[in-house]
Structure formats: C-alpha cells, structure tokens
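Derivation of every value follows stated rules applied to the coordinates shown; laboratory data play no part. Bear in mind the structure is a predicted one, so any value in this text is a computation, not a measurement. Backbone-built Cβ (ideal geometry, glycine too); neighbour counts: all protein chains shown.
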C-alpha cells in the first residue's frame, strides 16, 4: 500500500513501487484530466505539480511521489487565473494537451508572476500541442498575468 | 458535454418525453426533413428536439476535435430556429443514418465537410421548427400567422400582447405538417451566425473534465495493449505467453490478426505483460525498405509510363515549341498524424448489444466494423463518440475498433485498448509520399502555355477500397492537382488557366499504409505546383504575384485572396536585409487561401527562422469567426512543422521513428506571428479545417529561394538539407 496526497486528499493504493505516477492518477484515482501522450517526458501532457513544481507524471514513480503534495488539473482551483484566462482567450482546440500545459503555466507563474518572454519560452518549449494553439497559449499567459496583477493575489 | 454513459440515460429520458422533434435524414438524392410525430419508427437520434421544459436539445453527428463543430452547427440551428442560446443544450449523437452527410454519404468528419455538408440542411431544420412553432401559436390564438413573430424562444403576438414559449408550443407544433422549404433568415437577421460565440466544449476541457477516448471507464473493464509487428507484413515466430500471464494483474494473452494482445486489470500491468512476451517476429515483406529505398523507387517511377489522368490541348507540343522551358522534380516524404491522444478504443460486446466508446471521425465505419465482427444488426451497435484528442484524418481510419471488439468478444468483458505513442507512430497510416516531375513552357511574352505533370504516390484507396481506383488513377492522391469529375470536394484541382495541360499518375508499389492527413494530398500537390509556378515566374522574369494573377484571370476567388494577402503583407515593398519573402495560393474543399511568408536563413547553421505568415482566406459565409481563425492558425503551424521538421524514418522494412524524441514537432519558440484576413464573401460556403495547410510549405520554399537564390525541391527544410543545398548552390 502506498499513501498519496493528491489535491488535498489522502489515498492508499495497492500498486508496485515502480509504477509511473501517471497511471496511478488515471487508473486508480480516476483523475483522468492528467493525460498520457508520449510516456517519455517529451510533450508535457501529463504534467502535475509535486510540491508546487511542474513535473512529468509519466517519468516519476509512485514511490518517488509518496508523501509529497500532488496537484492535478482537477485540483487547480476553478477561479485560478490560468483556468479563467484559458476560457477567456479560448486557448484550447482539441484540448488534450491543455491540462498539462496549464499546469506548466501555473507553476511558472507561481514562481515568476511576471515572467519575461524568454522565461516563458524556456518553459513552454517543453510542451507540444499538435493543434497548434501556441499563439493562444501566449495570449492566455499574458491574460493570466494581468488578472493576477489586477487582483493582487498570489497565484 | 455529458459523457457517453450519461448520454444513454438522457436518450432514454428524451424518448419518453414528448415534444417537437425534427431530423434531417439523407436520401439517395440529398436529404429530407422529418417530423418525429409523422413517423412511428422514427430514429431517436435527432438533430433538434424541443421539449415542454422549454429546452432545445441539438444532437450533432460530427465529431468534435477542437474545430468547434458542436458550437458552429448548433449556432446554425439555433439561429434559424430563433432559439435563445441559453435554452440550447448540445449532445454528441450516436452512429445513425440520420447523421450521414448527404455530401459525403457517411457519418464522417473529414474533407472540411461539416459546414459544406450541413449548412443548408441545418438552416432548414431550424427554420422548419420555427415555422411550425409560429403556426402552432397562430392556431392557438386564432390569429393570422403573419401577425406572430418568433423572438428568442418565444412566439409573440404584438397586437394582443400575448406570448407563448417554445416549450408551451412544442406539443401542438409536433402535430403540424413539416415544411420542406421553410423561409430562411436574411443575413442581416442572423442572431448568432457570423458573430463570435465561445465554444461550448472549452470550459470542461479547461477543467480537465472532458472525456476523451482514453478517459472512458466502464465498470469491470480490462486494459489491453497489443504487441504489434515491427516490420510490414511481419508475423510472430515465438512469444512467451506464460511469462506475461504470470505477472500480477495480467488476465489473458490473446493472439489476434493485429498482434498479440495483453489484457490486464491496469494499464501498467498490460504494458509490463507486453514487455514480458518477448515476441520474435519474422522479417516481413520488404526487409530492405528504408527512406533511401522509398525515394529511389518513387523517383524511378517518374521514368515509367503511368495512367493518364487529364489532358487538354497538347502539352508536349506546346512545351517543345515554347520560348522557354522549365523542368523540375520534387519529393514530399511521409509525415505522421501524431495526434496528442494516441489511438484507442473501448468495446463491450454482450449477447444482444455492442457498445463502443471511441474517439473517431467515422461513425459509419465504426458501426459497420463492429457489426461485422459481432454479427449483431447495426442498430444493436452503439457508437459513443467521445471528444477527440486531435483528429487530422487519422481517426477516420478506424483500425482501432475491430481489435477492441474482437478482444471484448473473446473475453466477454468490457476492454479498453490503448495504443502506446510508439504504436501510434509506427502503425500510423501516413500522409502519402509523392514524387513529381513537372515540365512547363512559356511563350515569348512569358505566359504559361504548357504544363506536363507526372507524379508517383502510394495509393490511399488501394488497400481499403480498390473500387475507388478508376483506370489506374487514385484521385485521393491527386487532390490539389486533379480530382474525379463527380467529386464532392468541389475544387481540389490546379487553379491556373493552362491551355495545354497533361497529368499522369503512377502508383508506388510500397507496403506503407497511407491515409488522409489534414488537407489530404492537397499539401503534397500544392508544394510542387506552387514551387514550380515560382520557378516559371523567375524564368519569365516576372514578379511571382503578377505571374500567378496572369494565369488566374477568370478565377475571381483565387485573385481576391492573392490580392488581399499581397496588400496586407505589403508585397513588393522592401523587406529587412537578409530576409526572404515567398507567396503561394491554393484552393481546396470549397475555400481559397493565399499566404505570404517572411523568413531568414542562418547560412552557417542551416536554420530557418520564419518571422511572419500573412494569410487571406475566402471560405464563403463565416459561421463562428473565432474558431475559424484558430483553424487557420493551427493549419499554418502544423504545415510549418511539416515544412521544416517532420519526416517519418523507415528501416528494415518497418517504421524506425517511434516517439516525439525522434519525430520532432514544432514548438512555441518556432511559431511565427500569424495574421489572418477574411475576404468578405457571399459565395458558396467552403471548409475551413484544412485549406490553410497547403500554401504554407511552398510559400516557405519560395521565401527560402528569395533569401538565398537556392531552390530546395523537397520538404522538410531541415538544417542538414538547407546546408547541403546552399553548398551545392
């Protein structure tokens, strides 16, 4: 049995230590917002927060995640600036990569509330979107930054 | 969007509920509108259902892959129905004859056809509903219909200040005769069409609640992965079934025609089981095949006699007598769909029914395949279309359905088959590679007088529908250059006015399965056509824009997009030193698109940086402007990815490329500024999901020539290819 803390809830799962966190989140906890796409950490669709940092859940074993604070897209508050900005700017097309993308952005903004263009690029070049929503993502990031600034809240 | 499971419950409920129900049903001659009350055996999956709770439920048969079809088709119905958008609920329909496109003859989301096929029928369905509701109100109040007006879900009688909601009227309206040709709104009366509406699928996707195929969960479901052959035609020689079945969580190993399936209680157990199989395969049908083999074979094809596709005038004579002759050979390699959600399918075969949950673009094929395997009648096959984690045409080839149905049937349990990313790329049905040899002739005034075009491609239709090949010609491979006379795709052919034109086709004999990829072969045909036009313009000593316009004198829509893009991009004005600028146009699926690309080339590293792409589009009436621009941006970006980066690698008779580490896809820092300009047009409505793709690659190659003076006649323009070309000069 492995204990996991996901989105503020404690879970106990009976899985081998080496299982990627991704499959535990999806198959056992039924939190399917976190997506499988490449399984090798190239695309970012499976990104979650582990102790506040953006991590690829396909490349981290459930054992390594034990005892840490895990947040998935479902745990990112509904009024989070990134979620609101993504709706306002209609960023998504097929939407499959976007939960991972949004988790990547949320982690970036929590670390750097007003990121420079280079800082944005260095983080966002880690994700792939086959629909080609990159320009909308950029817009979404700007809007999320403005929302945070205006509302004076910490992301 | 409700998930498929709750959708079923909803359907049950809505069947019991009465109200006004209108469907569009295809006939051999087009389509007809149906009223549920008139027909006892009425199909419960309908376009439009108005119930006494004042809800308007719209069922959409097309698949949502991010193009916004749920929203756009609903906007059309709601607008003509004069419904309040707030009372509209939208549901994804199952596989039903009622959802077949009268344009394409199947329930299929391809060919940029959702608007082309449904614009008119959906308008009429909505308008028929409105007319019946107005009539019902007039009869209730015993006043002339002309005094009643429908406004936002309510019929009003101004004189007597009376009003009734659609919910109150639907019962009575359902007893009325349905008009086949109701009056449609005029453009200035449109309430939703042409105005930006937020897409209905966006919020749940942002919340992480949208259900894609891989997210389907059926109680008691098993997870399956399949060990698939590494080379085309390879058969398993041996595998260790025991080793896999001994693993915790593995339930069953099953050999099926597609490979060896491992079924388990979790994804990770299935994956471990697959590794434990240690399958040995034989060498397959063509173990020597690699990229060099493919290119050599297809280039050699161009020296053979092919099948005549089209001939007007005498191209050979015109070219031989021309003042100037130009000849060039082009190559466009295989590219992969690589949708972010890998292929997958969940099936549950029971004695009296079969449920299939599947992200797909072809419900008709899914249903037919499942019926074939289960021997159940089609109405017992329930196809639940989930959201699609991108489509690009791949999900219209429904090879993922039979394997899931076979396994579920054998195990008598619900089974989800997941393709790994490696499966998805190695067993993709690629965009067909093509070689082209074009000869062109100019007269003394530099006018285009002759064009002779020979091309070789892997056939798209041969493995799936050999009857579609006429006299050795697979028109699917030729879209953009030429198309069958009875094609439902309207204008997938070369737009230039050429007095002497000859087209010849060869079918490349290779075992690689190919299938439509966004814009189908319009991309691999537009590339040589638009590059060659540029070469001809150069030979004629003319400006590439002017040269194009000269051969498009009678083509209003092509001229309009070219003139618009030239104006917006500042064509002819000086550009920054070191940069190059290129132009291209192409028409397909009823829409015309022109693009201007600005780029620079680092001649030391061979890297190309695209700075800006300006696009002009004429697709006729615009339904939802926001998603339309997104589709064009997405088309430009994916096409740029193929122009600069993507090429599938083959080795040992199979696919060597396996994942995103060796199949590079464009990322954010490589994406240029994109400007999209819509040409105001009242012409026939065209498609928008694909026509943005074809002009991009040739515009890049033409801009590269403008920057360097060097022609590259193949894609992708990778640094290696660029450096080699510059060295060669």
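With the simple spin-label model, which puts each label point 7 Å out from Cα in the Cβ direction, the residue B:673 to residue B:143 separation comes to 5.6 nm. Reported to the nearest whole Å, the Cα centre-to-centre distance from the range B:569-624 to the range B:494-542 is 19. Sorted on the mean count of surrounding Cβ atoms within 10 Å across their residues, most packed first, peptides A:129-138, B:186-195 read A:129-138, B:186-195. Dimensions of the range B:600-675 based on its C-alpha atoms, expressed as ranges along the principal axes with the largest first, amount to 50, 33, 19 Å.
On full extension, the segment bounded by residue B:546 and residue B:350 gains 64.1 nm, given 0.36 nm per residue less the C-alpha separation. Our summary of shape: the Cα atoms of the protein assembly as shown have principal axis extents of 77, 76, 63 Å, ordered from largest down, in whole angstrom. Size of the range B:90-164 from its Cα atoms: along the principal axes, largest to smallest, the extents are 50, 21, 18 Å. On the beta carbon distance between residue B:497 and residue B:612, with R0 = 30 Å, the FRET formula returns roughly 0.50. Dividing the Cα radius of gyration of the range A:1-152 by 2.2 N^0.38 Å, with N the residue count, gives 1.02. Distance from the alpha carbon centroid of the range A:111-138 to that of the range B:373-409 works out to 35 angstrom. Between the alpha-carbon centers of the range B:430-453 and the range B:285-354, tell me the distance in whole angstrom. Computed from Cα coordinates, the inter-centre distance equals 17 Å. Placing a label point 7 Å from the Cα of residue B:567 along the Cα-to-Cβ direction, the residues of the range B:664-685 whose backbone N falls under 19 Å from that point are B:675-683. If you plug the beta carbon distance of residue A:17 and residue B:470 into 1/(1 + (r/R0)^6) with R0 = 45 Å, you get a FRET efficiency near 0.15.
Note on the range A:81-151: percent of Cα-Cα distances in each 5 Å bin, starting at 0 and stopping at the bin with the largest distance, equals 3, 18, 33, 28, 14, 3, 0. Note on B:515, A:86: ascending count of other Cβ atoms within 10 Å places them as B:515, A:86, the fewest first. Above 22 Å, the calculated P(r) of the range A:2-73 contains 7 percent of its Cα-Cα pairs. State the percent of C-alpha pairs, over all pairs in the range B:639-679, separated by a distance greater than 16 angstrom. Summing the P(r) tail past 16 Å for the range B:639-679 gives 51 percent. Taken along the Cα-to-beta-carbon direction at a fixed 7 Å, the label points for residue B:265 and residue A:88 span 4.8 nm. Rounded to the nearest 500, the 222 nm mean residue ellipticity of chain B from helices alone is -9500 deg cm²/dmol, with -39,500 (n - 2.57) taken per DSSP H run of at least 4 residues. Rg and Dmax of chain B, both derived from C-alpha coordinates alone, stand at 27.3, 86 Å. Between residue B:180 and residue B:651, the distance separating the two model label sites (each 7 Å from Cα on the Cα→Cβ line) works out to 6.3 nm. Available extension along the chain between residue B:204 and residue B:187 is 2.9 nm, counting 0.36 nm per residue and deducting the alpha carbon span. Calculate the translational D of the range B:73-130 in whole µm² s⁻¹ from Stokes-Einstein, where the hydrodynamic radius comes from the Kirkwood formula applied to all Cα pairs, the temperature is 10 °C and the viscosity 1.306 mPa s. Answer from the Stokes-Einstein relation: 131 µm²/s.
Quick check on the range A:7-46: what are the equivalent-ellipsoid semi-axes from the Cα gyration tensor, as sqrt(5λ), descending, whole Å?
Gyration-tensor ellipsoid for the range A:7-46: 19, 13, 8 Å.
Expressed in nm to one decimal, what extension gain is obtained for the pair residue B:89 and residue B:711 from 0.36 nm per residue of sequence separation less their Cα-Cα distance?
Using 0.36 nm per residue and subtracting the Cα-Cα distance, I get 218.6 nm.
Quick check for you: which residues of the range B:354-380 have the amide N under 16 Å from the point 7 Å beyond the Cα of residue B:410 toward its beta carbon? Of the residues in the range B:354-380, B:373-374 have backbone N under 16 Å from the label point off residue B:410. Pairs of C-alpha atoms in the range B:321-391 farther apart than 15 Å represent 63 percent of all such pairs. In plain terms, if you count all Cα to Cα distances in the range B:120-180 and split them into 10 Å steps from zero, the share in each step is 25, 56, 17, 1 percent.
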